[in-house]
């Protein structure tokens, strides 16, 4: 009977993502470990702790910040270079307080300002799962910040005083269970605001602009409030769920870091959790940004941009800007197209982009690069046209902005 039980556990481990039999000896239930695996996926831990082609959770993925680079550490159970010497209490404190083993303060690139909302039971389940991973020897120098930000203790202590409010998520009794689950995932484990909320001068989230869009690593994480022009106000709950599940819907196709988040995280989440996220987001207040008037159709930039669009873009996105649902992104009345910050738009025109593949959408379209045969003024003109045609309205793009980003991407 004992051999049969161990065989069954081994088979279950193989089909659920590599949970090893070392967990049995750790006196931790398989159900808890599997829940921890799911929560680690929902929290997209691999984004920072796994490099492409590298061992899972062995660290090394770099996050570029205005203050220098931070590199995701090794969180496998390796004693010398990972968290094998940590206790569960060390891990729980890191999640809830941003303080690791021996009182070492963590940099907020580890999103403990969001993870502090994670319940103790969920954090314990994640810990149980991490303990089952293959230990990988991989020494990582996480702190590559510029002076004086590389002075960890005073820098992070001051940052925490300004930007960090510890405390587990408190459900709102006036809201539904589904809404509260969505709030818990968006505000806590999913740490959506880490990318989508603008930052203050110290790099902390601006509480007055939650989820209104932010620039990160030469990508613009768009407004995901219910603003009708720049946000997801026109998206139905079902469209949000489809986007998170497949990376595409009738309005947009995920690219860059969001495509990775869909591929590695949200596409593996349950439909119930995706519905909860969508329910919460659809109940968030709109950005209500200032009104913007579209450029006149006879403006020089619009005339030049339309000619380029018809020549280079209309074959996929069609002349009306309607695109092809789940294949080529819609440009007409599209929130990302009208974003205050056009960085992502300029980027995909210059160097192209490919959406992530998921089990629900195994094939994904690609956006070809045009930076090799369009100069800075031409890129600015075609994007200015797109941002002001078909009911869109957004500020024109300057050739200097294109030149600046082109230079950054070529470094």
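Where a number appears in this text, it was derived from the coordinates with a stated rule and is not lab data. Keep in mind that what you see is a predicted model, and the values were worked out from it rather than measured. Counting neighbours? That spans all protein chains shown, and the Cβs are built from the backbone with ideal geometry, glycine included.
Report the gain in length on full extension from residue 228 to residue 120: 0.36 nm times residue separation, minus Cα-Cα distance, nm rounded to one decimal.
Difference between extended and current length: 35.2 nm.
Pairs of alpha-carbon atoms within less than 8 angstrom and 6+ residues apart define the contacts here; what relative contact order does the chain have, in percent?
RCO, the chain: 13 percent.
If R₀ is 41 angstrom, what is the calculated FRET efficiency for the pair residue 102 and residue 395, using the beta carbon separation as r and rounding to 0.05?
0.25
Taking R0 as 41 Å, what's the FRET efficiency between residue 375 and residue 296 from their Cβ-Cβ distance, rounded to 0.05?
Taking R0 as 41 Å, the efficiency between residue 375 and residue 296 is 0.95.
Once the Cα atoms of helix 271-282 and of the chain are each reduced to a long axis, what angle between those two axes, in degrees from 0 to 90 to the nearest 10, is obtained?
Between helix and principal axis, roughly 50 degrees.
Tell me, what is the percent relative contact order of the stretch 300-410, built from C-alpha pairs under 8 Å that lie six or more residues apart?
31 percent
For the chain, what is the calculated [θ] at 222 nm in deg cm²/dmol (nearest 500), taking -39500 (n - 2.57) for each run of four or more DSSP H residues and dividing by its residue count?
So the helix-based figure for the chain works out to -11500 deg cm²/dmol.
Can you compute the equivalent ellipsoid semi-axes for the stretch 300-410, i.e. the square root of 5 times each eigenvalue of the Cα gyration tensor, sorted largest first and rounded to whole Å?
With the √(5λ) rule applied to the stretch 300-410, the semi-axes are 22, 17, 13 Å.
Sort out for me the Cα centre separation of the stretch 71-109 from the stretch 154-211, rounded to whole Å.
Cα centres, the stretch 71-109 to the stretch 154-211: 21 Å.
What is the packing order of peptides 221-229, 321-329, 258-266, taking the mean over residues of other C-beta atoms within 10 Å and listing the highest first?
Final packing ranking: 221-229, 258-266, 321-329.
If you fit an axis through the alpha-carbon atoms of helix 300-312 and take the longest principal axis of the Cα set of the chain, what angle between them do you get, 0 to 90°, nearest 10?
60 degrees
Using the beta-carbon distance between residue 157 and residue 403 and R0 = 35 Å, what value does 1/(1 + (r/R0)^6) give for FRET efficiency, to the nearest 0.05?
Efficiency computed from Cβ-Cβ geometry: 0.30.
Describe numerically, in nm with one decimal, the distance between label points set 7 Å from Cα along Cα→Cβ at residue 80 and at residue 62.
Roughly 2.5 nm, to one decimal.
Which distance in Å, rounded to a whole number, links the C-alpha centroids of the stretch 265-317 and the stretch 376-402?
14 Å
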